[in-house]
Amino acid sequence: IYEERDELMGQYYLYWLPNNNWSLTAEIDYDRFENASNAADAATIPDEVTTWTLPFSASYFHPSGFYLNTIITYVDQKVERDESLSMLEQGDSDFTLVDISFGYRLPNRMGVLNFGVKNLFNQDFDYQDNSYRTFSDEPYVSPYIPERVVTALATFSF
């Protein structure tokens with residue numbers, strides 16, 4: 001079944017290494033989805049979703065192997081739905097998330113130990129993920145989760 005949908009995505013980014021220990025990143029991401037068809041699945045697929053994402057990150061790498069990374073992400077999203085067909089929410093949402101991680105790179109590239117916190121300040125928000133774009137029954141994991149998430153990761157290379 002062919003359904004008419006338009007998508008437009010764009011990204012601008014800047015990576016900067018001010019010295020051997022610091023890296024800075026700034027991005028602007030634009031994503032626009034428009035569902036032009038009046039299909040039977042209009043109850044679950046939004047008519048239009050426009051998302052601006054602005055992540056900024058700073059990373060510090062110590063020569064001993066320790067590192068620290070901070071990411072501040074601003075998200076602005078507008079979701080439009082046909083209210084006569086859908087009971088799902090529509091509207092505007094904007095929020096800012098702070099993620100941090102720190103860790104240690106093992107000597108001789110033997111691995112990495114990492115501890116991180118996503119959504120450090122436990123920011124609550126509304127966000128339409130991309131699950132409506134997938135053609136799968138598998139669950140879709142959103143890039144933003146409206147509660148604090150703590151992770152620990154150990155990667156070893158032999």
Residue in the stretch 45-52 that is surrounded by 14 or more Cβ atoms within 10 Å (Cβ to Cβ) and modelled with pLDDT under 85 present: yes
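Looking at 84, 131 in this structure, which one is surrounded by 11 or more Cβ atoms within 10 Å (Cβ to Cβ), modelled with pLDDT under 95 and among the small types (Gly, Ala, Ser)? Give the steps one after another, and end with the answer.
Values: 84 fails: surrounded by 11 or more Cβ atoms within 10 Å (Cβ to Cβ).
Result: 131 is the single residue among 84, 131 that is surrounded by 11 or more Cβ atoms within 10 Å (Cβ to Cβ), modelled with pLDDT under 95 and among the small types (Gly, Ala, Ser).
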Unique residue being closer than 30 Å to residue 17 by Cα and either among the hydrophobic types (A, V, I, L, M, F, W, C) or without any contact (Cβ under 8 Å) to a residue 12 or more places away in the chain (or both) when the list is 59, 64: 64
Subset of the stretch 134-158 (residues that are within 20 Å of residue 48 (Cα to Cα) and open to solvent by less than 60 Å² (accessible area, probe 1.4 Å)): 134, 142, 144
Any hit, the stretch 107-114, residues being open to solvent by less than 60 Å² (accessible area, probe 1.4 Å) and within 21 Å of the chain's Cα centre (by Cα): yes
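Can you give me the number of residues within the stretch 115-125 that are open to solvent by 90 Å² or more (accessible area, probe 1.4 Å) and either farther than 26 Å from residue 57 by Cβ or of a type in the set (Phe, Trp, Tyr) (or both)? I'd like the intermediate steps shown before the answer.
Taking the stretch 115-125 first, the residues open to solvent by 90 Å² or more (accessible area, probe 1.4 Å) are 118, 121, 124.
Subsequent filtering for residues that are either farther than 26 Å from residue 57 by Cβ or of a type in the set (Phe, Trp, Tyr) (or both) retains 121.
Counting residues in the stretch 115-125 that are open to solvent by 90 Å² or more (accessible area, probe 1.4 Å) and either farther than 26 Å from residue 57 by Cβ or of a type in the set (Phe, Trp, Tyr) (or both) gives 1.
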The lone exception for residue 100 - which of (1) open to solvent by 100 Å² or more (accessible area, probe 1.4 Å); (2) farther than 30 Å from residue 47 by Cβ it fails: (1)
Matching residues, the stretch 91-122, being closer than 23 Å to residue 52 by Cβ, modelled with pLDDT under 95 and not acidic (Asp, Glu): 91, 93
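Give the residue, chosen from 127, 140, that is part of a loop (DSSP other than H, G, I, E, B), touching a helix residue (DSSP H, G or I) at 6+ places or on another chain (Cβ under 6 Å) and closer than 21 Å to residue 46 by Cβ. Full working, then the answer.
Values: 127 fails: touching a helix residue (DSSP H, G or I) at 6+ places or on another chain (Cβ under 6 Å).
From the options 127, 140, the qualifying one is 140.
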Selection from the stretch 53-80 of residues that are in contact with a Gly (Cβ under 9 Å, 6 or more places away or on another chain), surrounded by 15 or more Cβ atoms within 10 Å (Cβ to Cβ) and of a type outside the set (S, T, N, Q): 67, 78, 79, 80
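The values are calculated or read from the model by the stated rules, or taken from the named source; none is laboratory data. Just so you know, these numbers come straight off a predicted model, no measurement behind them. Heads up, the Cβs are rebuilt from the backbone with ideal geometry, glycines too, and the neighbour counts pull from every protein chain shown. Surface areas here come from the heavy atoms of the whole protein model, side chains and all, with no ligands, DNA or RNA. Shrake-Rupley method; radii C 1.70, N 1.55, O 1.52, S 1.80 Å.
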